[in-house]
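S.K.: Mind looking over this structure? Questions follow.
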Amino acid sequence: MNKKEQSKIKSLIKKYNPILNESVEIALTEDLFNLIIVNGDDKDFELKNLLKDKQGLKSFVIKEFIKLNQKPITKDLKNMDEIKLSLIKTKQERLKF
């Protein structure tokens, strides 16, 4: 993908971000519910009360999902080698004009 194509895609994502965000929230929440229903271990979990506040539920699900899947930069930083700098003090001189 060239830079022009990347730029165009970035602008389209920005333009359609609210719609894409809603779509991701809906898909993620539906997938979570399907997993709860299909998984026999989670049969005791009541879904009907959660469905009363669908927007709040979608927001909570997406926030928790992002929280679990975001990769903090500090995780990468702790594995990096530290660069050792040695400072050598030199005598300053006046500039002659």
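The values are calculated or read from the model by the stated rules, or taken from the named source; none is laboratory data. Predicted model only: the values in this text are computed from it and were never measured. So basically every Cβ, Gly included, is an ideal-geometry build from the backbone, and we count neighbours across all protein chains shown. Only protein heavy atoms, including side chains, enter the accessible area calculation; ligands, DNA and RNA are left aside. Shrake-Rupley method; radii C 1.70, N 1.55, O 1.52, S 1.80 Å.
S.K.: Would you mention how many residues in segment 43-54 are closer than 17 Å to PHE65 by Cβ and open to solvent by less than 90 Å² (accessible area, probe 1.4 Å)?
M.R.: Residues meeting the conditions: 1.
S.K.: When you check GLU25 against the structure, is it modelled with pLDDT of 90 or more and surrounded by fewer than 10 Cβ atoms within 10 Å (Cβ to Cβ), yes or no?
M.R.: Here the answer is no, as GLU25 does not meet what is asked.
S.K.: Counting only residues that are more than 15 Å from VAL24 (Cα to Cα), among the charged types (D, E, K, R) and either part of a helix (DSSP H, G or I) or in contact (Cβ under 8 Å) with a residue 40 or more places away in the chain (or both), how many does segment 35-66 have?
M.R.: Total meeting the criteria: 4.
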